[in-house]
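Taking it in order: structure first as structure tokens, then the write-up.
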Amino acid sequence: MPKRSPVSIVLTCEHAGNQVPAPLRPLFMKAGDVLNSHRGWDPGALPLARRFAAHCGVPLASTTVSRLVVEPNRSLGHKRLFSEFMATLSPTARQELIDQYWTPHRSAVEELIAKTIGSGRTVIHLSVHTFTQHFGDEVRKTDIGLLYDPRRKTERTLCSLWRDELQQLQPAWLVRRNDPYKGSSDGFTTSLRKLFSADEYLGIELEVCQKFFLDSGAEWKRILKEIPVSFTAAVEQFAAGR
Ligand SMILES: [Zn+2]
């Protein structure tokens, strides 16, 4: 029988907050609404990611500076790495933002993953996000999105198991794969896939509709409690089935 490597969960939350460093605040003088909206951060992502951390017993790596300052889920050189609010900054000032807020998170997570793989384990990286229900004229119907690279069998298998677990918990939730975004688009998991093989590294993005957090009702409590449980159940099945 082939030897299976044990799995380790690595947990991140890239859009956990909408903080703006003091020197940059004048640039957002008239943009309070944007900063507080889904464009500034992922409302609800941090409390959900913390529940995952507690349930899985692993640390959480999060970034709480607004994505409108520098976007931790975009690659260097991507046209949306900086928002329009940063348009007047010099290249030097932009580089400082990268050095201060982008690189530390990306490097720390990358090093943790490399170290974990180096110790003979397979990493399951879960990046916790939320998405807005109303996007332009569109009303998104998806409740929960599981984003992954469909070319990677390991990610496909885990997300299929996770989706089944979620649907068993709550058949009314509309759980979709690679919706509202594609897991293979530019993002932290996509860049990590370039560094680590499909057997070493699984990069999954969870996207939960922000309507649950904004309602803050029974459904949100259920999400906080049950989504992490469904995840570890899927991970156990994945690990046992390899
Ligand atoms: Zn996000």
- line: E110 passes all but one of the listed conditions (1) at pLDDT 95 or above; (2) under 18 Å from G203 (Cβ atoms); (3) away from the ligand (no atom under 16 Å from the Cβ); (4) not in a helix (DSSP H, G or I); the exception is number (4)
query: Can you name the residue in the stretch 189-201 that is more than 17 Å from A108 (Cα to Cα) and touching a residue at least 24 places away in the same chain (Cβ under 8 Å) and, of all such residues, is surrounded by the most Cβ atoms within 10 Å (Cβ to Cβ)?
result: E200
query: Out of curiosity, is T142 under 22 Å from R177 (Cα atoms), of a type in the set (S, T, N, Q), touching a Phe, Trp or Tyr at 6+ places or on another chain (Cβ under 9 Å) and away from the ligand (no atom under 16 Å from the Cβ)?
result: no
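Of all residues being part of a helix (DSSP H, G or I) and charged (D, E, K, R) in the stretch 49-87, which is farthest from P21 (Cα to Cα)? Just the residue, please.
Result: R51.
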query: Taking only pairs six or more apart or across chains, which ones have beta-carbon atoms under 6 Å, a first residue in the stretch 50-66 that is among the basic types (K, R), and a second residue that is surrounded by 15 or more Cβ atoms within 10 Å (Cβ to Cβ)?
result: R51/L224; R51/P228
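L97 - would you say it is in contact (Cβ under 8 Å) with a residue 12 or more places away in the chain, assigned to a helix (DSSP H, G or I), of a type in the set (A, V, I, L, M) and more than 14 Å from the ligand (Cβ to nearest atom)?
Yes; evaluated as a whole, the condition is true for this residue.
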- line: Considering the stretch 34-48, residues that are part of a helix (DSSP H, G or I) and among the hydrophobic types (A, V, I, L, M, F, W, C), and then whichever is nearest to the ligand (Cβ to nearest atom), we arrive at A45
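The values are calculated or read from the model by the stated rules, or taken from the named source; none is laboratory data. These numbers come from a predicted model, not from an experiment. Don't worry about glycine lacking a Cβ; one is built from the backbone with ideal geometry, like all the others, and counts go over all protein chains shown.
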